[in-house]
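Undergrad: Quick one: the structure is below, and I'll ask about it shortly.
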Amino acid sequence: MPADPLPRLPAALRDVPYEGARHPGAPPPPGRHPYDVTAGANCQLYAYAVLRHFGREVPPLRSAELWADTVATVRAEPPGPLDLVLFDAGEVPERPAGYGAHVGVHLGPDQVLHLCKEAGRPAVWTYADFARRARYARFLGAKRVLAAPVSR
């Protein structure tokens, strides 16, 4: 990660290992809370944990559900800080829009915080970094969370 892109992000969210099986709705490891990502997370679970840290609650939606959702989120154009951004390789016949999309958190101009298998740990990439990879070449769009703030 670049030098401290989010000074308020705790160490526990800076060193999360990528674990593809840990997605929204998946059972947590034994003895862990469903929102605990310290044992690993996929891109969505990680992005949702970051938003939760900043007081924004996201239902446990998978990527296609997130893209279609109009209750807890709305499409945001252009993306703003802490909006969820989705990337994919393009349309897949007979799959809904957003199916299998990669989810990150827009930090600001040309910066996306995300967790992927390639990086292994949280990383900040530019939109060009995503575009250079076939798997993330298409910027599907951004979603702004409308759900009630997290009570602490």
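Undergrad: Taking the residues in the stretch 18-28 that are closer than 19 Å to Ala101 by Cα and over 14 Å from the mean Cα position of the chain (by Cα) as candidates, determine which candidate is surrounded by the most Cβ atoms within 10 Å (Cβ to Cβ).
TA: Within the stretch 18-28, the subset closer than 19 Å to Ala101 by Cα is 18-26.
The next check asks that each one be over 14 Å from the mean Cα position of the chain (by Cα); those that pass are 21, 25-26.
Working: Ala21: 9, Gly25: 12, Ala26: 15.
Checking each candidate, the answer is Ala26.
Undergrad: Report, by residue number, each residue of the stretch 101-130 that is open to solvent by less than 60 Å² (accessible area, probe 1.4 Å), outside any helix (DSSP H, G or I) and more than 18 Å from Asp15 (Cα to Cα). Write out each step before concluding.
TA: Here is the first cut: in the stretch 101-130, the residues open to solvent by less than 60 Å² (accessible area, probe 1.4 Å) are 101-108, 112-116, 119-120, 122-130.
In the following step, the residues that additionally are outside any helix (DSSP H, G or I) were identified as 101-108, 112-116, 119-120, 122-126.
Once the filter is applied, which keeps residues that are open to solvent by less than 60 Å² (accessible area, probe 1.4 Å), outside any helix (DSSP H, G or I) and more than 18 Å from Asp15 (Cα to Cα), the stretch 101-130 yields Ala101, His102, His106, Gly108, Thr126.
Undergrad: Which members of the stretch 56-83 meet the condition of being more than 19 Å from Pro96 (Cβ to Cβ) and open to solvent by less than 20 Å² (accessible area, probe 1.4 Å)? Explain how you work it out, then say what you get.
TA: Here is the first cut: in the stretch 56-83, the ones more than 19 Å from Pro96 (Cβ to Cβ) are 56-57, 76-83.
Correct list: Ala76, Gly80, Asp83.
Undergrad: Take Leu86 and decide whether it is crowded, with 17+ Cβ neighbours inside 10 Å, out of contact with any strand residue (DSSP E or B) (no Cβ under 6 Å at 6 or more places or on another chain) and not in a loop (DSSP other than H, G, I, E, B).
TA: Numbers: crowded, with 17+ Cβ neighbours inside 10 Å: yes; out of contact with any strand residue (DSSP E or B) (no Cβ under 6 Å at 6 or more places or on another chain): no; not in a loop (DSSP other than H, G, I, E, B): yes.
So Leu86 does not fit the description; no.
Undergrad: Restricted to the stretch 138-152, and to residues that are open to solvent by less than 50 Å² (accessible area, probe 1.4 Å) and modelled with pLDDT under 95, which residue is nearest to Pro79 (Cα to Cα)?
TA: By that ranking, first place goes to Ala147.
The values are calculated or read from the model by the stated rules, or taken from the named source; none is laboratory data. Owing to the predicted nature of the structure, the values given are computational and were not obtained by experimental measurement. Glycine also receives a Cβ, built like all others from the backbone with ideal geometry; neighbour counts cover every protein chain displayed. We work out accessible area using only protein heavy atoms, side chains counted, and drop any ligands, DNA or RNA first. Shrake-Rupley method; radii C 1.70, N 1.55, O 1.52, S 1.80 Å.
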